[in-house]
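To start, the structure under review is shown below, and the notes come after it.
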Amino acid sequence: MIETTGDDRRFPPALAEVARIRFDYDEGEGVDFEPYHAFDSAEESTDWLRHWTGNHELDGGAYRIFGQDGTGGLAAIWCVRPGRPLAEQPVVFMGSEGECGVVAGDLSGFLWVLADGFGPMEAVVYEEREARPDAALAEIAERYAATPRRPAQEIITEARAEFATFAEDLDTLCR
């Protein structure tokens, strides 16, 4: 098993495949997600977190930013489980207008959320949205997910319950 270190920025193959998919926003009916082909650097992550919170004493080392929505909201792997590989860390979204939340409890869950037609922003902002399955993303999830397919709503609800204070904890960091 690969251990997570403070500077682990190896891009997971599953996210590299997701980055090859073109997400169609379709006037609000699709998925507003622009995946990256690599994680932002540690410096970029720190700079972003400091600006997002207004707290220039923070270190963004716990976040591996791997995509954004059209307004600049960011999707990241949140390295909150010490000693665990990136694939076992939760995926979070922090929007450009302060909205934030946990999208999935791990990378496998995130892949199934995408396969059900939810991007990171949609999972946080439009949780009551109906599933819109995507065959190409389901195929990626089937190849890489370490867990069986489950509905996005179930994955999102479970992750929010596990990390129930994520948004409040971020709020306490804001200046």
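On the given criteria, is D40 in contact with a strand residue (DSSP E or B) (Cβ under 8 Å, 6 or more places away or on another chain), in a loop (DSSP other than H, G, I, E, B) and more than 17 Å from L137 (Cα to Cα)? Walk me through how you get there before you give the answer.
Values: in contact with a strand residue (DSSP E or B) (Cβ under 8 Å, 6 or more places away or on another chain): yes; in a loop (DSSP other than H, G, I, E, B): yes; more than 17 Å from L137 (Cα to Cα): yes.
Criteria met by D40.
Can you spot a residue in segment 78-86 that is within 21 Å of D134 (Cβ to Cβ), in contact with an Asp or Glu (Cβ under 9 Å, 6 or more places away or on another chain), among the hydrophobic types (A, V, I, L, M, F, W, C) and surrounded by 19 or more Cβ atoms within 10 Å (Cβ to Cβ)?
Kept after step one, since they are within 21 Å of D134 (Cβ to Cβ), are these residues of segment 78-86: none.
Within segment 78-86, none of the residues are within 21 Å of D134 (Cβ to Cβ), in contact with an Asp or Glu (Cβ under 9 Å, 6 or more places away or on another chain), among the hydrophobic types (A, V, I, L, M, F, W, C) and surrounded by 19 or more Cβ atoms within 10 Å (Cβ to Cβ).
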**OP:** Give A146, A159, A141 a once-over and let me know the one that is modelled with pLDDT of 95 or more, part of a loop (DSSP other than H, G, I, E, B), within 19 Å of A14 (Cβ to Cβ) and hydrophobic (A, V, I, L, M, F, W, C).
**Re:** A146
Original post:
Name the pairs: first residue in segment 146-161 and free of Cβ contacts under 8 Å to residues at least 40 places away in the same chain, second residue in a loop (DSSP other than H, G, I, E, B) and of a type in the set (A, V, I, L, M, F, W, C), Cβ to Cβ under 9 Å, at least 6 apart or on different chains?
Top reply: P151/A131; Q153/F118; Q153/A131
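Would you please name the residue that is modelled with the highest pLDDT, looking only at residues in segment 1-37 that are among the β-branched types (V, I, T), assigned to a loop (DSSP other than H, G, I, E, B) and surrounded by 15 or more Cβ atoms within 10 Å (Cβ to Cβ)? Can you show your working first?
Taking segment 1-37 first, the residues among the β-branched types (V, I, T) are 2, 4-5, 18, 21, 31.
Now drop any that are not assigned to a loop (DSSP other than H, G, I, E, B), which leaves 2, 4-5, 21, 31.
With the extra rule that they be surrounded by 15 or more Cβ atoms within 10 Å (Cβ to Cβ), the set shrinks to 4, 21, 31.
Working: T4: 42, I21: 93, V31: 90.
Per the criteria, the residue is I21.
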Subject >> Failed item, numbered, when L49 is tested on (1) over 25 Å from E142 (Cα atoms); (2) in contact with an Asp or Glu (Cβ under 9 Å, 6 or more places away or on another chain); (3) in contact (Cβ under 8 Å) with a residue 24 or more places away in the chain >> reply: (3)
Subject >> Complete set of residues in segment 118-138 that are in a loop (DSSP other than H, G, I, E, B) and either of a type in the set (A, V, I, L, M) or buried (at least 17 other Cβ atoms within 10 Å of the Cβ) (or both) >> reply: F118, G119, A131, D134
Original post:
List the pairs whose first member sits in segment 89-111 and is under 16 Å from Y126 (Cβ atoms) and modelled with pLDDT of 95 or more, whose second member is acidic (D, E) and part of a helix (DSSP H, G or I), and whose Cβ atoms are under 8 Å apart, counting only residues at least 6 apart or on separate chains?
Top reply: V102/E162
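The values are calculated or read from the model by the stated rules, or taken from the named source; none is laboratory data. Because the structure is predicted, anything quoted here is derived from the model rather than measured. Note that we place each Cβ from the backbone using ideal geometry, even for glycine, and neighbour counts take in every protein chain shown.
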